[in-house]
1. Taking the options 291, 296, name whichever one is under 22 Å from residue 88 (Cα atoms), crowded, with 21+ Cβ neighbours inside 10 Å and in contact with a helix residue (DSSP H, G or I) (Cβ under 8 Å, 6 or more places away or on another chain).
2. Report yes if residue 227 is more than 16 Å from ligand 2 (Cβ to nearest atom), within 30 Å of residue 59 (Cα to Cα) and part of a helix (DSSP H, G or I), otherwise no.
3. I need the strands (runs of 3 or more DSSP E) fully contained in the range 271-362, keeping only those with at least 2 residues that are more than 11 Å from ligand 1 (Cβ to nearest atom) and within 19 Å of the chain's Cα centre (by Cα).
4. Can you list the helices (runs of 4 or more DSSP H) found entirely within the range 80-167 that contain at least 1 residues being closer than 17 Å to residue 213 by Cα?
5. Answer with yes or no whether residue 231 is under 23 Å from residue 177 (Cβ atoms), without any contact (Cβ under 8 Å) to a residue 60 or more places away in the chain and within 16 Å of ligand 3 (Cβ to nearest atom).
6. Can you name every residue in the range 336-362 that is more than 13 Å from residue 278 (Cβ to Cβ) and at pLDDT 95 or above?
7. For the range 328-362, enumerate the residues that are more than 16 Å from ligand 3 (Cβ to nearest atom), surrounded by fewer than 14 Cβ atoms within 10 Å (Cβ to Cβ) and either touching a residue at least 60 places away in the same chain (Cβ under 8 Å) or over 14 Å from residue 281 (Cα atoms) (or both).
8. Filter the range 63-79 for residues that are part of a helix (DSSP H, G or I) and touching a helix residue (DSSP H, G or I) at 6+ places or on another chain (Cβ under 9 Å) and give the result.
Ligand SMILES: CC(C)(COP(=O)(O)OP(=O)(O)OC[C@H]1O[C@@H](n2cnc3c(N)ncnc32)[C@H](O)[C@@H]1OP(=O)(O)O)[C@@H](O)C(=O)NCCC(=O)NCCSC(=O)/C=C/c1ccc(O)cc1
Ligand SMILES: O=C(O)CCC(=O)C(=O)O
Ligand SMILES: [Fe+2]
C-alpha cells in the first residue's frame, strides 16, 4: 500500500490517499503503521507552520492550580487571573477519580485499535449519525496541508442517545467521565462568572454557557518526519471552555501572553488542562481569552488526548453578557451571533490561529 501511495502521480495520489485513509478506514494511524519512512507530501506544512519556526520559552509555564476547595478566595482569584492572562491552566485535586480518567484513555486506545473495517463505518459518509464522526486531519476538504491526526468526535445529547450511537468499545467509560466531569464544570463555571461579578447564574445563562457538550478522542500516531508537519495546527477552541485530558507523551504548545512565543504544556499525572474558548471570550467581552494552541507530532511515540468541549447550545444567540457591559461600562467588542453559525464557520476553513473570532468582531 505504501508503495502504491508513493508511486502514483500527484492527482492520483490524493485519490489513493483518501481511499486508504477514509474509505478503507485506516486513517493516519494505518499510514503510520505502514512505516513509509517518508512523509506523504500532503502532510508537508508550509515552512511558517513547521515546528522549527516556533520560538519556545522553556523557562515559562502555564499556572497549575489546586482546586480542592473551589470556595477558597485564593482559588477563585487564581482561576480568574489565569483565564484572563493565560487562557490556559492545569487543575489538580479536581475530584474526578484517577480511575475514571485512566479508563477514558484506555477506551480511546481501544477505539483506535479496532480493525479498519469497523472504524470506516464511523467516517462521515457511513456514520449512522452526524453526532458520531471519525475524521482524519481536521477538515481534509478545506486544508492545503493535512494534519497528522485521527479523531472521533462525539456530540452529547443524552445518555440514552449515546448508548445507542456511540461505539460500544468506549461509550460506557466516556459516559462515566461526562457524568463525573460535572464536579469540575459546575464550580468552574461559577468561579469564572464570579470573576465577572455574576454571583447568581440563571437557567438561561447556564444554557448559554454550558448547554451542549462534545468529546473528541484524538489519536496522533508516531510520525516519520515530525519536523515537516503538525499534529494539530494553530487554533483556538470555539467552546465556552475545554477540559483536556492528555497522556504522558507531551506535544501541546500554547501561545505565550506576549503573543509571539510558545509554551509547552507538560503532562501532569491526574491533572486536567483547562482552556478558555472563543464563546467565553465573546461573552466576557474579551476579559477572558481563548488562546491559540497547537500540537507537534512525535517521531517515537503515539499520543492521545481527549478534549471535552463545554459549549453554548447550538441554538443559543451569544454575545457580550449584559452584566459585564454594565459593570465595566465598556462598549461591546463582539456582535451577537447564533452559536451554530459560529461553529459552522469554524468547520468550513482550515485552522487559522484566532481567525474564527473575526466572525464575531464588531
Ligand atoms: C454546527 C454544528 C457543529 C453541526 O451542526 P449539524 O447541522 O447538527 O451537523 P452537520 O453534521 O449537518 O454538520 C454541518 C457541518 O459542520 C461540520 N461538522 C460538524 N461536526 C463536525 C465535526 N465533528 N468535525 C468536523 N466537522 C464537523 C461539517 O463539515 C458539516 O458540513 P458539511 O459536511 O459541509 O455539511 C453543531 O453541532 C453545533 O453548533 N454544535 C455546537 C457545539 C459544538 O460542537 N461546538 C464545537 C466545540 S469543538 C471545539 O471547540 C474545537 C474543536 C476542534 C476540533 C478539531 C480540531 O482539530 C481542533 C478543534
Ligand atoms: O491534543 C492536544 O493536546 C490538544 C488538542 C486540541 O487542541 C483540540 O482537539 O482542540
Ligand atoms: Fe484545541
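1. So the residue among 291, 296 that is under 22 Å from residue 88 (Cα atoms), crowded, with 21+ Cβ neighbours inside 10 Å and in contact with a helix residue (DSSP H, G or I) (Cβ under 8 Å, 6 or more places away or on another chain) is 296.
2. Numbers: more than 16 Å from ligand 2 (Cβ to nearest atom): yes; within 30 Å of residue 59 (Cα to Cα): yes; part of a helix (DSSP H, G or I): yes.
Spelling it out, residue 227 is indeed more than 16 Å from ligand 2 (Cβ to nearest atom), within 30 Å of residue 59 (Cα to Cα) and part of a helix (DSSP H, G or I).
3. Details: elements: 272-276, 293-295, 303-311.
In the range 271-362, the matching strands (runs of 3 or more DSSP E) lie at 272-276, 303-311.
4. 98-112, 159-165
5. no
6. 336, 338, 340, 344, 362
7. 329, 330, 331, 341, 344, 348
8. Answer for the range 63-79, where residues must be part of a helix (DSSP H, G or I) and touching a helix residue (DSSP H, G or I) at 6+ places or on another chain (Cβ under 9 Å): 75, 76, 79.
The values are calculated or read from the model by the stated rules, or taken from the named source; none is laboratory data. Keep in mind the model is a prediction, meaning the values are calculated, not measured. Virtual Cβ from ideal backbone geometry, glycine too; neighbours counted across all protein chains shown.
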